[in-house]
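Asks: First, the structure itself, so that you have it in front of you.
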Amino acid sequence: MEIIMNSWPWYVTGPLIATVMALLLYFGKTFGMSSNLRTFCAIGGAGKYADFFKINRKDYKWSLAVVLGAAIGGYLAVNVITNNQPIDLNPKAVAELNQLGFSNAGQDLLPSELFASDVMFEPKNLILLIIGGLLVGFGTRYAGGCTSGHAITGLSSLQLPSLIAVIGFFAGGLIMVNILLPLIFGA
């Protein structure tokens with residue numbers, strides 16, 4: 001169990017991702033969560049309201065296994081296969097997060113100041129979650145895919161739009177972390 005509970009080195013995970021991508025490309029499939037969620041919406045009847053969701057669901061059946069696997073894998077990783085050790089964050093990052101009011105930086109996967117059940121529904125946090133969710137949804141649709149789809153599938157198949165999207169994702173993340181987050185949390 002020790003090998004499963006600890007981080008794997010790049011020289012193991014990199015070739016595993018490359019193998020999965022080669023197989024997906026060989027079979028004419030793509031990897032990305034937003035396309036899988038599109039399939040869920042189509043199954044739920046969203047095609048009645050928007051042409052974007054009018055797809056042949058049978059062509060995307062395999063993608064439902066990806067979503068199910070991600071959900072089950074995430075649950076197992078957090079609740080079963082965990083070593084309960086703090087996350088190895090850079091001490092400078094921990095200090096900066098502490099200055100912003102995040103007292104348990106590196107101790108949990110999600111900051112309790114935002115995601116604990118007693119604070120999640122505070123007006124400021126709820127507004128952040130709603131606006132963030134809408135922006136992620138809009139950005140995913142506008143960019144023609146999500147971060148995993150562009151960064152893994154798009155870049156591995158040398159698509160220029162994916163490179164542009166990934167640069168935008170990183171730029172947006174840098175702006176959020178270095179400019180907006182300190183403004184929102186008053187550091």
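Asks: For the chain, take the longest principal axis of its alpha carbons; what is the angle in degrees between that and the long axis of helix 123-143, to the nearest 10 within 0 to 90?
Replies: Tilt relative to the chain: about 30 degrees.
Asks: Got a number for the accessible area of Thr30? Probe 1.4 Å, square angstrom, nearest 10.
Replies: Its heavy atoms expose roughly 80 Å² to the probe.
Asks: State log₁₀ I(q)/I(0) for segment 1-148 at q = 0.12, 0.18, 0.20 Å⁻¹ as given by the Debye formula over alpha-carbon point scatterers of equal weight, solvent excluded.
Replies: After summing over all Cα pairs, the log10 values are -0.78, -1.35, -1.37.
Asks: Please list Leu180, Leu64, Leu160 from largest to smallest accessible area, probe radius 1.4 Å, with all protein chains kept in place.
Replies: Leu160, Leu180, Leu64
Asks: Reachable aspartates and glutamates from Lys29, Cα under 12 Å, same-chain residues fewer than 8 places away excluded?
Replies: Of all the aspartates and glutamates, those that pass the test against Lys29 - Cα under 12 Å, at least 8 places apart if same chain - are Asp59.
Asks: Let me ask you something else. Only Lys, Arg, Asp and Glu count, each charged at its Cβ (+1, +1, -1, -1), so figure out the dipole size of the chain about its Cα centre, rounded to 20 debye.
Replies: The dipole magnitude comes to about 900 debye.
Asks: Can you sort Lys54, Lys124, Lys48, Lys29 by 1.4 Å-probe accessible area, starting with the largest?
Replies: My answer, sorted largest first, is Lys48, Lys54, Lys124, Lys29.
Asks: How large is the dipole of segment 24-83 about the Cα centre if only Lys and Arg carry +1 and Asp and Glu carry -1, each at its Cβ, rounded to the nearest 20 debye? Walk me through the intermediate numbers first.
Replies: Details: 7 positive and 2 negative charges, 42 e Å.
Approximately 200 debye in magnitude.
Asks: With only alpha-carbon pairs counted, each pair once and no self-pairs, how large is the Kirkwood hydrodynamic radius of segment 8-56 in angstroms?
Replies: 12.8
Asks: How big is the accessible area of Tyr11 in square angstrom, nearest 10, if you roll a 1.4 angstrom probe over the protein chains?
Replies: 140
Asks: To continue, here is another question. May I ask for the angle, rounded to the nearest 10°, between helix 160-175 and the longest principal axis of the chain, with both axes built from Cα atoms and the value confined to 0 to 90°?
Replies: Roughly 20 degrees, rounded to the nearest 10.
Asks: Here's another thing I want to ask about it. Between 0 and 90 degrees, rounded to the nearest ten: what's the tilt of helix 10-26 against the longest Cα principal axis of the chain?
Replies: Approximately 30 degrees, to the nearest 10.
The values are calculated or read from the model by the stated rules, or taken from the named source; none is laboratory data. All figures in this text were calculated on a predicted structure; none of them were measured in a lab. Cβ atoms come from the backbone with ideal geometry, glycine included; neighbour counts cover every protein chain shown. Ligands, DNA and RNA are stripped out before the accessible areas are found, and what is left, the full protein with its side chains, is counted by its heavy atoms. Shrake-Rupley method; radii C 1.70, N 1.55, O 1.52, S 1.80 Å.
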